[in-house]
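No lab work stands behind these numbers, since they all come straight from the coordinates. Just so it is clear, the structure is predicted and the values come from calculations on it, not from any experiment. Here Cβ is always computed from backbone atoms with ideal geometry, including for glycine, and neighbour counts include all displayed protein chains.
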Protein chains: 2
Amino acid sequence: MSHDHAACMAPSLKAAENLGAKLTPLRRRVLEIVLAGHTPMGAYDVLATLARDGGKPAPPTVYRALDFLQAQGLVHRIDSRNAFVACFAPERSHQSRFFLCRACGRASEIEDAALDAALAAAAKRAGLTVERETIEITGVCAECASSHGPAA
Amino acid sequence: MSHDHAACMAPSLKAAENLGAKLTPLRRRVLEIVLAGHTPMGAYDVLATLARDGGKPAPPTVYRALDFLQAQGLVHRIDSRNAFVACFAPERSHQSRFFLCRACGRASEIEDAALDAALAAAAKRAGLTVERETIEITGVCAECASSHGPAA
DNA sequence: ATTTGAATTGTTATAACATAACGAGACGTG
DNA sequence: CACGTCTCGTTATGTTATAACAATTCAAAT
């Protein structure tokens, strides 16, 4: 599935700019890198990409930028992979729920009202005040299943 | 909430023994440690506990045992904490879905038919063949909320 | 009973991921 | 300009996990 990266990056960058003055060049650059990666990237991958720009950044530089972007809902952390992925709809979904394909590596955000309801009901029954969710469903996406399937 | 550890460990140990000969003393010991921890423990915590038995185990020893126990469904990994927790109902639930309290640290497995259905439906709609789930809902449990709440 | 092969564990070293702590510069505000 | 705050650089280290290979165990087959 090819893809116009510039197009998919635009809304997220625009949302980021609307935050105000806090989107520094460094943070913007890190966001661009994560957006362009298009699949979850490790912090050290971001670091390596950043290094190609010329500077000699150290890990804290990247982790701080990622922390900021996460706090703004522009980037999500994929705990099951120690990786970070850009949010392509930062206006809408500020939850962190993903389908992950282990074959192509893609992450797609889940938006599902029935799931919202089931989670809310389960938490209520358990008496839990929810603060944070890590929902990562890993498998093989339809495209990868068909290409690796009967043929190959 | 006090708790009879021996009692809660029994079913899991029994299930483990029913696997057959593969539950070696080391693996059994690691399972006991994780069961006794009663909240998610880091691999290096397990390692330290194991070290008190007298040997001088190295990390791979613990990781291998944990891998085995995970494969048997006796232990689950909590990705959002880099930690491991024993499954207290290994016969029933082989999924990995948890409520986690950030105050007391307890992990409780979610068993909820509506959630099962919502997840299955969402995966089907997305065309994903599910292989693995990481579902970790973190918050404050009812007990901790009441003790830290109006009073303290 | 010995050989053989598979599984388990020990051991050393290192990779991968993440943060603590402190200092220097930028920047707006009073 | 003095001040405080936020951001970023820098050094060092902490934490989590695995690669690679040697040694051991143990059951099965001859």
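Data overview
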| item | result |
| --- | --- |
| Cα-Cα P(r), the protein assembly as shown, percent of pairs per 20 Å interval | 28, 55, 17, 0 |
| Relative contact order of the stretch A:85-147, defined on C-alpha pairs under 8 angstrom at six or more residues apart (%) | 44 percent |
| Value at 222 nm in deg cm²/dmol, rounded to 500, when DSSP H runs of n ≥ 4 in chain A each add -39,500 (n - 2.57) | -14000 deg cm²/dmol |
| Translational D in µm²/s for the stretch B:5-148 (Stokes-Einstein at 37 °C, 0.692 mPa s, Kirkwood Rh from C-alpha pairs) | 201 µm²/s |
| Proximal aspartates and glutamates to A:Lys56, defined as alpha-carbon separation beneath 17 angstrom and excluding residues fewer than eight positions away on the same chain | A:Asp45 |
| Shielding by partners - mean other protein chain Cβ count within 10 Å, residues of A:115-124 | 5 |
| Antiparallel %, DSSP beta bridges [both residues in chain B], to 5 | 60 percent |
| 20 Å Cα-Cα reach of A:Lys22 towards aspartates and glutamates, excluding residues that sit fewer than 8 places from it in its own chain | A:Glu32, A:Asp67, A:Glu91 |
| Chain B - percent relative contact order, Cα under 8 Å, separation 6 or more | 21 percent |
| The stretch A:7-75, relative contact order in percent, only Cα pairs under 8 angstrom and at least six apart counted | 34 percent |
| FRET efficiency estimate (nearest 0.05) - Cβ-Cβ, B:Ser108 to A:Ala113, R0 22 angstrom | 0.30 |
| Prolate/oblate/rounded call for the stretch B:91-131, Cα gyration tensor, a/c under 1.5 rounded | prolate |
